[in-house]
Amino acid sequence: MVMSASFPAAQGAGAPAGERSPFARLTELLAPYQPGKPLITLSLGEPQHPVPDFVGPVLARHIADFGRYPMARGIEPFRRAAATWMGTRFELPRPLDPETEVLVLNGSREGLFFAAITAARFVGPRKGPPAILLPNPFYPAYGAGARAAGCEPVFLPTTLANGFLPDLDALDEATLSRTVAMYIASPANPQGAVATPAYFKRLHELALRHGFIVLSDECYSEIYTQAAPGSMLEVAGPDFANVVAFQSLSKRSNLPGMRVGFAAGDKKFLAAFHELRNVAAPQVPVPLQQVAVAAYSDEAHVDENRRLYGLKFDLADQILGNRYGYVRPAGGFCLWLDVSAFGGDEEASVKLYRDGGVRVVPGSYLARPQPDGSNPGAGYIRLALVQDSETTAEALHRLVAILN
(Lines give C-alpha, C1' and ligand atoms only; values in the text may rest on other atoms or scores of the structure.)
Protein backbone atom coordinates (compact mmCIF):
# COMPACT_ATOMS: atom_id res chain seq x y z
CA MET A 1 0.00 0.00 0.00
CA VAL A 2 1.24 3.48 -0.86
CA MET A 3 0.76 6.10 1.81
CA SER A 4 1.41 9.82 1.90
CA ALA A 5 4.21 11.41 3.82
CA SER A 6 4.30 14.79 5.47
CA PHE A 7 7.16 17.18 4.79
CA PRO A 8 9.91 17.25 7.42
CA ALA A 9 10.44 20.22 9.64
CA ALA A 10 12.14 23.27 8.21
CA GLN A 11 15.86 23.75 8.21
CA GLY A 12 17.41 27.16 7.83
CA ALA A 13 14.88 29.68 6.48
CA GLY A 14 11.17 29.49 7.23
CA ALA A 15 10.02 27.32 4.31
CA PRO A 16 9.34 23.61 4.90
CA ALA A 17 12.34 21.50 3.96
CA GLY A 18 10.22 19.76 1.33
CA GLU A 19 9.79 23.02 -0.54
CA ARG A 20 13.39 24.15 -0.32
CA SER A 21 15.85 23.84 -3.17
CA PRO A 22 18.25 20.92 -2.72
CA PHE A 23 20.97 23.26 -3.97
CA ALA A 24 20.23 25.77 -1.21
CA ARG A 25 20.48 22.96 1.30
CA LEU A 26 23.75 21.82 -0.28
CA THR A 27 25.19 25.33 -0.03
CA GLU A 28 24.38 25.36 3.69
CA LEU A 29 25.92 21.92 4.18
CA LEU A 30 29.19 22.94 2.53
CA ALA A 31 29.36 26.49 3.93
CA PRO A 32 31.80 25.65 6.77
CA TYR A 33 34.34 24.16 4.33
CA GLN A 34 36.63 25.20 1.51
CA PRO A 35 37.26 22.98 -1.54
CA GLY A 36 40.49 21.06 -1.10
CA LYS A 37 41.34 21.26 -4.82
CA PRO A 38 40.23 23.47 -7.72
CA LEU A 39 36.45 23.23 -7.73
CA ILE A 40 34.63 20.90 -10.13
CA THR A 41 30.87 21.33 -9.97
CA LEU A 42 28.84 18.23 -10.79
CA SER A 43 25.88 19.11 -8.56
CA LEU A 44 23.82 21.15 -11.01
CA GLY A 45 22.31 19.55 -14.11
CA GLU A 46 23.22 22.53 -16.27
CA PRO A 47 24.56 21.43 -19.68
CA GLN A 48 27.97 22.89 -20.48
CA HIS A 49 28.33 21.68 -24.08
CA PRO A 50 28.55 24.40 -26.74
CA VAL A 51 25.46 26.39 -27.69
CA PRO A 52 24.42 25.46 -31.27
CA ASP A 53 25.86 27.70 -33.99
CA PHE A 54 22.47 28.71 -35.37
CA VAL A 55 21.30 30.42 -32.16
CA GLY A 56 23.02 33.78 -32.68
CA PRO A 57 22.03 34.29 -36.33
CA VAL A 58 18.38 33.38 -35.65
CA LEU A 59 18.21 35.79 -32.72
CA ALA A 60 19.75 38.56 -34.83
CA ARG A 61 17.16 38.08 -37.58
CA HIS A 62 14.27 38.32 -35.12
CA ILE A 63 15.62 40.88 -32.66
CA ALA A 64 12.76 43.31 -33.35
CA ASP A 65 10.27 40.76 -32.04
CA PHE A 66 11.47 41.47 -28.51
CA GLY A 67 9.21 44.51 -28.89
CA ARG A 68 6.08 42.34 -28.90
CA TYR A 69 4.17 40.69 -26.09
CA PRO A 70 4.24 36.94 -26.78
CA MET A 71 1.01 34.97 -27.07
CA ALA A 72 0.58 32.38 -24.33
CA ARG A 73 -0.09 29.53 -26.75
CA GLY A 74 3.06 30.20 -28.80
CA ILE A 75 3.61 31.33 -32.35
CA GLU A 76 2.29 29.03 -35.06
CA PRO A 77 5.75 28.16 -36.52
CA PHE A 78 6.89 26.98 -33.09
CA ARG A 79 3.82 24.84 -32.44
CA ARG A 80 4.12 23.32 -35.91
CA ALA A 81 7.84 22.60 -35.45
CA ALA A 82 7.24 20.98 -32.06
CA ALA A 83 4.38 18.86 -33.40
CA THR A 84 6.42 17.79 -36.42
CA TRP A 85 9.40 16.87 -34.28
CA MET A 86 7.26 14.79 -31.92
CA GLY A 87 5.74 12.94 -34.86
CA THR A 88 9.15 12.24 -36.34
CA ARG A 89 10.87 11.27 -33.10
CA PHE A 90 8.12 9.12 -31.58
CA GLU A 91 5.65 6.55 -32.91
CA LEU A 92 2.51 8.50 -32.07
CA PRO A 93 -0.98 7.12 -32.74
CA ARG A 94 -1.51 10.08 -35.09
CA PRO A 95 0.11 13.46 -35.76
CA LEU A 96 -0.34 16.12 -33.10
CA ASP A 97 -2.56 19.07 -34.00
CA PRO A 98 -0.39 22.20 -33.57
CA GLU A 99 -3.51 24.30 -33.01
CA THR A 100 -4.94 22.39 -30.06
CA GLU A 101 -2.40 19.85 -28.81
CA VAL A 102 0.82 21.85 -28.33
CA LEU A 103 1.56 24.79 -26.00
CA VAL A 104 4.85 26.64 -25.67
CA LEU A 105 6.38 26.80 -22.18
CA ASN A 106 8.92 29.04 -20.50
CA GLY A 107 11.03 25.94 -19.94
CA SER A 108 9.47 22.69 -18.76
CA ARG A 109 9.84 23.57 -15.06
CA GLU A 110 7.15 26.25 -14.98
CA GLY A 111 4.92 24.06 -17.13
CA LEU A 112 5.24 21.13 -14.74
CA PHE A 113 4.42 23.46 -11.84
CA PHE A 114 1.35 25.11 -13.39
CA ALA A 115 0.10 21.77 -14.72
CA ALA A 116 -0.53 20.56 -11.18
CA ILE A 117 -2.76 23.56 -10.48
CA THR A 118 -4.60 22.98 -13.75
CA ALA A 119 -5.06 19.27 -12.99
CA ALA A 120 -6.64 19.98 -9.61
CA ARG A 121 -9.21 22.24 -11.28
CA PHE A 122 -9.67 20.12 -14.40
CA VAL A 123 -10.24 16.76 -12.72
CA GLY A 124 -12.61 18.11 -10.11
CA PRO A 125 -13.73 16.59 -6.76
CA ARG A 126 -12.15 13.33 -5.67
CA LYS A 127 -13.13 10.63 -3.20
CA GLY A 128 -11.22 12.12 -0.32
CA PRO A 129 -8.50 14.76 -0.01
CA PRO A 130 -7.08 15.38 -3.52
CA ALA A 131 -3.64 13.88 -4.06
CA ILE A 132 -0.83 14.16 -6.58
CA LEU A 133 1.53 11.21 -6.96
CA LEU A 134 5.28 11.81 -7.29
CA PRO A 135 8.27 9.54 -7.83
CA ASN A 136 10.64 9.74 -4.89
CA PRO A 137 13.36 11.09 -5.47
CA PHE A 138 11.84 13.73 -7.73
CA TYR A 139 12.37 17.02 -9.54
CA PRO A 140 11.54 19.75 -6.96
CA ALA A 141 8.98 21.46 -9.23
CA TYR A 142 6.69 18.45 -8.79
CA GLY A 143 6.41 18.92 -5.05
CA ALA A 144 5.99 22.67 -5.34
CA GLY A 145 3.22 22.16 -7.91
CA ALA A 146 1.37 19.71 -5.68
CA ARG A 147 1.48 22.11 -2.76
CA ALA A 148 0.40 25.10 -4.87
CA ALA A 149 -2.51 23.03 -6.21
CA GLY A 150 -3.72 22.38 -2.65
CA CYS A 151 -3.15 18.64 -3.09
CA GLU A 152 -1.47 16.14 -0.81
CA PRO A 153 1.83 14.95 -2.29
CA VAL A 154 2.03 11.15 -2.19
CA PHE A 155 5.59 9.96 -2.58
CA LEU A 156 6.20 6.73 -4.50
CA PRO A 157 9.64 5.31 -3.68
CA THR A 158 11.83 4.58 -6.70
CA THR A 159 14.56 2.22 -5.61
CA LEU A 160 16.89 -0.39 -7.07
CA ALA A 161 14.34 -3.04 -6.10
CA ASN A 162 11.66 -1.58 -8.39
CA GLY A 163 13.96 -0.52 -11.22
CA PHE A 164 13.98 3.14 -10.06
CA LEU A 165 10.41 3.68 -11.30
CA PRO A 166 7.23 3.89 -9.17
CA ASP A 167 5.68 0.49 -8.46
CA LEU A 168 2.26 0.85 -10.08
CA ASP A 169 1.02 -2.38 -8.52
CA ALA A 170 1.59 -0.90 -5.06
CA LEU A 171 -1.02 1.80 -5.65
CA ASP A 172 -4.18 1.03 -3.69
CA GLU A 173 -7.71 1.90 -4.76
CA ALA A 174 -8.21 4.46 -2.01
CA THR A 175 -5.18 6.44 -3.16
CA LEU A 176 -6.05 6.20 -6.86
CA SER A 177 -9.64 7.31 -6.25
CA ARG A 178 -8.44 10.65 -4.86
CA THR A 179 -5.57 11.22 -7.31
CA VAL A 180 -5.82 14.23 -9.63
CA ALA A 181 -2.43 13.78 -11.32
CA MET A 182 0.72 11.68 -11.35
CA TYR A 183 4.16 12.89 -12.32
CA ILE A 184 6.38 10.42 -14.12
CA ALA A 185 9.88 11.09 -15.48
CA SER A 186 11.45 8.91 -18.17
CA PRO A 187 14.42 8.97 -18.34
CA ALA A 188 14.22 9.40 -14.59
CA ASN A 189 16.04 12.13 -12.74
CA PRO A 190 18.33 11.24 -10.97
CA GLN A 191 18.66 7.51 -11.72
CA GLY A 192 18.27 7.47 -15.52
CA ALA A 193 15.71 4.65 -15.61
CA VAL A 194 13.57 4.45 -18.76
CA ALA A 195 9.95 3.30 -18.74
CA THR A 196 8.95 0.55 -21.18
CA PRO A 197 5.89 0.81 -23.44
CA ALA A 198 4.19 -1.78 -21.20
CA TYR A 199 4.84 0.40 -18.14
CA PHE A 200 3.42 3.46 -19.87
CA LYS A 201 0.40 1.47 -21.05
CA ARG A 202 -0.32 0.23 -17.52
CA LEU A 203 -0.08 3.79 -16.18
CA HIS A 204 -2.42 5.06 -18.89
CA GLU A 205 -4.97 2.38 -18.03
CA LEU A 206 -4.92 3.51 -14.40
CA ALA A 207 -5.31 7.15 -15.42
CA LEU A 208 -8.34 6.39 -17.59
CA ARG A 209 -9.96 4.14 -14.99
CA HIS A 210 -9.55 6.62 -12.16
CA GLY A 211 -9.81 9.86 -14.10
CA PHE A 212 -6.48 11.47 -13.30
CA ILE A 213 -3.92 13.20 -15.54
CA VAL A 214 -0.44 11.85 -16.24
CA LEU A 215 2.19 14.59 -16.38
CA SER A 216 5.03 12.90 -18.27
CA ASP A 217 8.37 14.68 -17.89
CA GLU A 218 10.41 13.66 -20.95
CA CYS A 219 13.02 16.42 -21.00
CA TYR A 220 15.93 13.90 -20.95
CA SER A 221 14.53 11.81 -23.81
CA GLU A 222 17.30 12.79 -26.25
CA ILE A 223 20.19 11.75 -24.00
CA TYR A 224 20.54 7.99 -23.97
CA THR A 225 23.20 5.32 -24.40
CA GLN A 226 21.53 2.71 -26.62
CA ALA A 227 17.78 2.55 -27.31
CA ALA A 228 15.95 5.86 -27.70
CA PRO A 229 13.40 6.29 -24.88
CA GLY A 230 9.73 6.35 -25.85
CA SER A 231 7.02 8.87 -25.00
CA MET A 232 3.93 8.33 -22.88
CA LEU A 233 1.95 9.77 -25.80
CA GLU A 234 2.79 6.69 -27.87
CA VAL A 235 0.39 4.58 -25.79
CA ALA A 236 -2.22 7.28 -25.06
CA GLY A 237 -4.59 6.43 -27.92
CA PRO A 238 -5.80 8.64 -30.76
CA ASP A 239 -7.07 11.38 -28.43
CA PHE A 240 -4.01 11.34 -26.13
CA ALA A 241 -6.59 11.20 -23.35
CA ASN A 242 -5.41 12.04 -19.82
CA VAL A 243 -1.75 12.41 -20.86
CA VAL A 244 0.44 15.48 -21.31
CA ALA A 245 4.11 15.17 -22.22
CA PHE A 246 6.65 17.88 -21.39
CA GLN A 247 9.73 18.63 -23.46
CA SER A 248 12.53 21.18 -23.20
CA LEU A 249 15.51 22.46 -25.17
CA SER A 250 17.66 22.72 -22.03
CA LYS A 251 19.14 19.21 -22.20
CA ARG A 252 18.47 18.33 -25.85
CA SER A 253 20.08 21.44 -27.33
CA ASN A 254 22.31 22.76 -24.49
CA LEU A 255 20.09 25.81 -24.02
CA PRO A 256 19.24 25.85 -20.29
CA GLY A 257 19.25 29.64 -20.15
CA MET A 258 16.90 30.11 -23.08
CA ARG A 259 13.90 28.70 -21.18
CA VAL A 260 11.88 27.20 -24.03
CA GLY A 261 9.91 23.98 -23.95
CA PHE A 262 6.43 22.73 -24.69
CA ALA A 263 3.56 20.60 -23.47
CA ALA A 264 1.73 18.25 -25.84
CA GLY A 265 -1.18 15.86 -25.56
CA ASP A 266 -4.77 15.87 -24.30
CA LYS A 267 -6.38 18.89 -25.98
CA LYS A 268 -9.10 19.29 -23.35
CA PHE A 269 -6.53 19.53 -20.60
CA LEU A 270 -4.32 21.82 -22.68
CA ALA A 271 -7.25 24.18 -23.27
CA ALA A 272 -7.65 24.56 -19.50
CA PHE A 273 -3.87 24.77 -19.11
CA HIS A 274 -3.76 27.61 -21.64
CA GLU A 275 -6.46 29.53 -19.77
CA LEU A 276 -4.42 29.47 -16.56
CA ARG A 277 -1.10 30.20 -18.22
CA ASN A 278 -2.63 33.07 -20.18
CA VAL A 279 -3.11 35.04 -16.96
CA ALA A 280 -0.52 33.62 -14.58
CA ALA A 281 2.51 32.11 -16.31
CA PRO A 282 5.65 33.70 -17.78
CA GLN A 283 5.47 33.84 -21.56
CA VAL A 284 8.18 33.00 -24.06
CA PRO A 285 9.72 35.84 -26.13
CA VAL A 286 9.10 35.42 -29.86
CA PRO A 287 12.81 35.48 -30.86
CA LEU A 288 13.46 32.57 -28.52
CA GLN A 289 10.60 30.64 -30.07
CA GLN A 290 12.21 31.25 -33.48
CA VAL A 291 15.44 29.74 -32.17
CA ALA A 292 13.41 26.76 -30.98
CA VAL A 293 11.95 26.35 -34.48
CA ALA A 294 15.52 26.02 -35.77
CA ALA A 295 16.48 23.67 -32.93
CA TYR A 296 13.59 21.29 -33.53
CA SER A 297 14.44 21.26 -37.23
CA ASP A 298 18.05 20.14 -36.71
CA GLU A 299 19.26 16.80 -35.35
CA ALA A 300 22.98 17.16 -36.08
CA HIS A 301 23.66 19.16 -32.91
CA VAL A 302 21.61 16.65 -30.88
CA ASP A 303 23.60 13.73 -32.25
CA GLU A 304 26.85 15.49 -31.34
CA ASN A 305 25.51 16.28 -27.88
CA ARG A 306 24.64 12.64 -27.32
CA ARG A 307 28.09 11.56 -28.56
CA LEU A 308 29.80 13.83 -26.03
CA TYR A 309 27.75 12.41 -23.16
CA GLY A 310 28.54 8.91 -24.40
CA LEU A 311 32.26 9.61 -24.15
CA LYS A 312 31.84 10.69 -20.53
CA PHE A 313 29.87 7.58 -19.68
CA ASP A 314 32.70 5.59 -21.25
CA LEU A 315 35.01 7.30 -18.76
CA ALA A 316 32.65 6.44 -15.89
CA ASP A 317 32.65 2.80 -17.03
CA GLN A 318 36.46 2.74 -16.99
CA ILE A 319 37.11 4.75 -13.82
CA LEU A 320 34.28 3.60 -11.57
CA GLY A 321 33.91 0.04 -12.80
CA ASN A 322 31.40 -1.63 -10.47
CA ARG A 323 32.15 0.61 -7.48
CA TYR A 324 29.31 2.35 -5.62
CA GLY A 325 26.70 0.23 -7.39
CA TYR A 326 27.45 2.05 -10.63
CA VAL A 327 25.57 0.86 -13.70
CA ARG A 328 25.56 2.89 -16.88
CA PRO A 329 22.07 4.46 -16.97
CA ALA A 330 19.71 3.97 -19.89
CA GLY A 331 19.10 7.70 -20.22
CA GLY A 332 19.90 11.14 -18.84
CA PHE A 333 23.34 12.44 -17.90
CA CYS A 334 23.52 11.71 -14.17
CA LEU A 335 25.30 9.13 -12.04
CA TRP A 336 23.45 7.77 -9.01
CA LEU A 337 26.12 6.31 -6.74
CA ASP A 338 25.64 4.32 -3.55
CA VAL A 339 27.93 5.77 -0.88
CA SER A 340 26.17 4.24 2.10
CA ALA A 341 29.38 2.37 2.97
CA PHE A 342 31.26 5.66 3.18
CA GLY A 343 29.32 7.38 5.94
CA GLY A 344 26.20 8.24 3.94
CA ASP A 345 25.31 10.84 1.36
CA GLU A 346 25.88 14.01 3.40
CA GLU A 347 29.20 12.84 4.82
CA ALA A 348 30.43 11.70 1.41
CA SER A 349 29.36 14.99 -0.18
CA VAL A 350 31.27 16.98 2.44
CA LYS A 351 34.36 14.77 2.10
CA LEU A 352 34.40 15.04 -1.70
CA TYR A 353 34.12 18.82 -1.51
CA ARG A 354 36.46 19.39 1.43
CA ASP A 355 39.18 16.95 0.35
CA GLY A 356 38.76 16.84 -3.42
CA GLY A 357 36.95 19.98 -4.57
CA VAL A 358 34.17 17.90 -6.17
CA ARG A 359 30.67 19.27 -5.59
CA VAL A 360 27.85 16.69 -5.71
CA VAL A 361 24.30 16.50 -4.32
CA PRO A 362 23.31 14.23 -1.42
CA GLY A 363 20.55 11.93 -2.64
CA SER A 364 18.44 12.49 0.44
CA TYR A 365 18.08 16.16 -0.59
CA LEU A 366 16.34 15.05 -3.79
CA ALA A 367 13.82 12.85 -1.98
CA ARG A 368 11.44 12.96 0.99
CA PRO A 369 10.93 10.57 3.90
CA GLN A 370 8.36 7.81 3.44
CA PRO A 371 5.83 7.07 6.21
CA ASP A 372 8.22 4.55 7.77
CA GLY A 373 10.91 7.23 8.02
CA SER A 374 13.08 5.86 5.24
CA ASN A 375 14.38 8.19 2.53
CA PRO A 376 14.83 6.50 -0.89
CA GLY A 377 17.65 8.90 -1.75
CA ALA A 378 19.61 8.38 1.45
CA GLY A 379 23.01 6.83 0.94
CA TYR A 380 23.29 8.01 -2.67
CA ILE A 381 24.96 10.97 -4.33
CA ARG A 382 24.06 12.45 -7.70
CA LEU A 383 26.69 13.60 -10.18
CA ALA A 384 25.69 15.43 -13.35
CA LEU A 385 28.20 14.74 -16.13
CA VAL A 386 27.88 18.20 -17.64
CA GLN A 387 31.54 19.23 -17.73
CA ASP A 388 33.95 18.42 -20.56
CA SER A 389 35.55 14.97 -20.74
CA GLU A 390 38.88 16.00 -19.23
CA THR A 391 37.22 17.68 -16.25
CA THR A 392 34.83 14.76 -15.81
CA ALA A 393 37.70 12.27 -15.77
CA GLU A 394 39.55 14.34 -13.18
CA ALA A 395 36.46 14.53 -10.97
CA LEU A 396 35.86 10.77 -11.15
CA HIS A 397 39.50 9.98 -10.38
CA ARG A 398 39.33 12.30 -7.35
CA LEU A 399 36.09 10.64 -6.20
CA VAL A 400 37.61 7.15 -6.32
CA ALA A 401 40.81 8.27 -4.56
CA ILE A 402 38.91 10.02 -1.77
CA LEU A 403 36.16 7.49 -1.10
CA ASN A 404 38.48 4.50 -1.28
Looking only at segment 290-329, which residues are within 25 Å of residue 398 (Cα to Cα) and open to solvent by 50 Å² or more (accessible area, probe 1.4 Å)?
307, 311, 314, 317, 318, 322, 323, 325, 327, 328
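Could you pull out every one of the strands (runs of 3 or more DSSP E) wholly within segment 192-290 that has 3 or more residues that are at pLDDT 95 or above, over 27 Å from residue 336 (Cβ atoms) and within 19 Å of the chain's Cα centre (by Cα)?
Of the strands (runs of 3 or more DSSP E) lying wholly inside segment 192-290, those with at least 3 residues that are at pLDDT 95 or above, over 27 Å from residue 336 (Cβ atoms) and within 19 Å of the chain's Cα centre (by Cα) span 261-265.
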Looking at (1) within 30 Å of residue 238 (Cα to Cα); (2) part of a helix (DSSP H, G or I); (3) in contact with a strand residue (DSSP E or B) (Cβ under 7 Å, 6 or more places away or on another chain), which is the one condition that is false for residue 104?
(2)
How many residues does segment 145-165 hold that are farther than 18 Å from residue 186 by Cβ and of a type outside the set (Gly, Ala, Ser)?
5
With the requirement that a residue be more than 20 Å from the chain's Cα centre (by Cα) and among the hydroxyl-bearing types (Ser, Thr, Tyr), what does segment 354-401 give you?
374, 389, 391, 392
Determine, yes or no, whether residue 338 is charged (D, E, K, R), open to solvent by less than 40 Å² (accessible area, probe 1.4 Å) and within 30 Å of residue 144 (Cα to Cα).
no
When restricted to 185, 207, the only residue of a type in the set (Gly, Ala, Ser), touching a strand residue (DSSP E or B) at 6+ places or on another chain (Cβ under 7 Å) and farther than 30 Å from residue 379 by Cα is 207
Condition check: of a type in the set (A, V, I, L, M, F, W, C), in contact with a Pro (Cβ under 6 Å, 6 or more places away or on another chain) and either open to solvent by 40 Å² or more (accessible area, probe 1.4 Å) or in contact (Cβ under 8 Å) with a residue 12 or more places away in the chain (or both). Does residue 134 satisfy that?
yes
Helices (runs of 4 or more DSSP H) contained entirely in segment 300-404, each with at least 3 residues that are acidic (Asp, Glu) and farther than 30 Å from residue 154 by Cβ:
300-320
Between 73, 20, which is charged (D, E, K, R), modelled with pLDDT under 95 and open to solvent by 20 Å² or more (accessible area, probe 1.4 Å)?
20
Would you mention how many residues in segment 143-178 are part of a helix (DSSP H, G or I), buried (at least 16 other Cβ atoms within 10 Å of the Cβ) and not small (Gly, Ala, Ser)?
5
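The values are calculated or read from the model by the stated rules, or taken from the named source; none is laboratory data. All figures in this text were calculated on a predicted structure; none of them were measured in a lab. FYI the Cβ positions are ideal-geometry reconstructions off the backbone, even for glycines, and counts take in every protein chain you see. Please note that ligands, DNA and RNA were not included when accessible areas were found on the heavy atoms of the full protein model with its side chains. Shrake-Rupley method; radii C 1.70, N 1.55, O 1.52, S 1.80 Å.
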